[in-house]
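Here's the structure we're looking at; comments come further down.
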Amino acid sequence: MDDLVNLNVGGCLYTTSRSTLTRYPRSMLAAMFSGELDPSVRDANGAYTIDGDGPIFRHVLNFFRRGKLILPEDFKEWELLASEADFYQVGDLTDAVMAEKMRRVTPEDSSKSPKFEFVEINVRITAVMGVTYIGSIETLANLPTFLEFFNSVPQFRGNVLNLVKQQGMIQHFQNFKFIEDSKRMGFFREIVEHGFELKAALCDSYGSKEWTFARKV
């Protein structure tokens with residue numbers, strides 16, 4: 001299983017081991033290199049060809065190698081990396097990207113910087129909706145649609161506010177088909193009614209969408 005594999009991702013060449021590529025069993029790469037799928041497309045030099053973003057793939061591959069997300073301090077291509085994580089079907093990487101992004105945009109020194117609360121809503125091409133909340137338990141207690149969403153998770157149920165009090169944030173991704181249309185709109189309605197303003201709305205070439213809301217407190 002540890003034989004070397006050469007990859008041509010969007011014109012960028014990478015070499016890694018088969019065991020690295022199969023580290024996350026549910027990912028597309030694991031399916032390709034564990035025998036589930038036949039990665040038959042190769043370039044002139046015999047490297048397996050993948051139609052993904054070449055430069056950003058190094059972060060995907062490093063996640064497979066190290067089991068954690070390691071990004072430079074000036075990293076800005078959050079949406080591109082999240083989309084590639086979706087493309088390769090690595091849910092752990094998608095979660096790590098969103099968590100790291102929110103960590104970096106949250107002011108670290110509250111005594112010198114204005115305090116903000118954030119809500120980020122993601123709709124992925126994999127039919128998954130993600131909600132991230134960073135803020136106070138007092139605000140979250142007045143957002144019933146969000147509370148119901150987080151309480152639907154067995155490991156969060158009945159403990160959502162305590163988790164936010166301890167960690168300052170909470171995040172969950174859920175299959176889109178289990179969320180009623182009226183509840184999807186309820187997320188947006190509630191945060192606007194509570195003074196959150198839309199700060200960014202992004203849609204990538206794969207069709208994934210993201211909305212980031214914030215309010216000063």
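The values are calculated or read from the model by the stated rules, or taken from the named source; none is laboratory data. All values derive from a computational prediction rather than experimental measurement. In this analysis, Cβ positions are derived from the backbone assuming ideal geometry, glycine residues included, and neighbour counts consider all displayed protein chains.
Can you name every residue in region 124-140 that is of a type in the set (A, V, I, L, M, F, W, C), at pLDDT below 90 and closer than 18 Å to Val153 by Cβ?
Ala127, Val128, Met129
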> Which of (1) closer than 27 Å to Ser83 by Cα; (2) surrounded by 12 or more Cβ atoms within 10 Å (Cβ to Cβ); (3) of a type in the set (A, V, I, L, M, F, W, C) does Ala201 not meet, given it meets every other one?
Replying inline: (2)
> Take the residues of region 48-70 that are assigned to a loop (DSSP other than H, G, I, E, B) and crowded, with 17+ Cβ neighbours inside 10 Å: which is nearest to the chain's Cα centre (by Cα)?
Replying inline: Leu69
> Can you spot a residue in region 160-168 that is closer than 17 Å to Asn122 by Cβ, β-branched (Val, Ile, Thr) and surrounded by 13 or more Cβ atoms within 10 Å (Cβ to Cβ)?
Replying inline: no
>> Given the criterion aromatic (Phe, Trp, Tyr), over 27 Å from Ala30 (Cα atoms) and either surrounded by fewer than 19 Cβ atoms within 10 Å (Cβ to Cβ) or modelled with pLDDT under 85 (or both), identify the matching residue among Phe146, Phe173, Phe150, Phe116.
In response: Phe116
>> Every residue in region 141-155 that is more than 20 Å from the chain's Cα centre (by Cα), within 16 Å of Arg184 (Cα to Cα) and not in a helix (DSSP H, G or I), please.
In response: Leu143
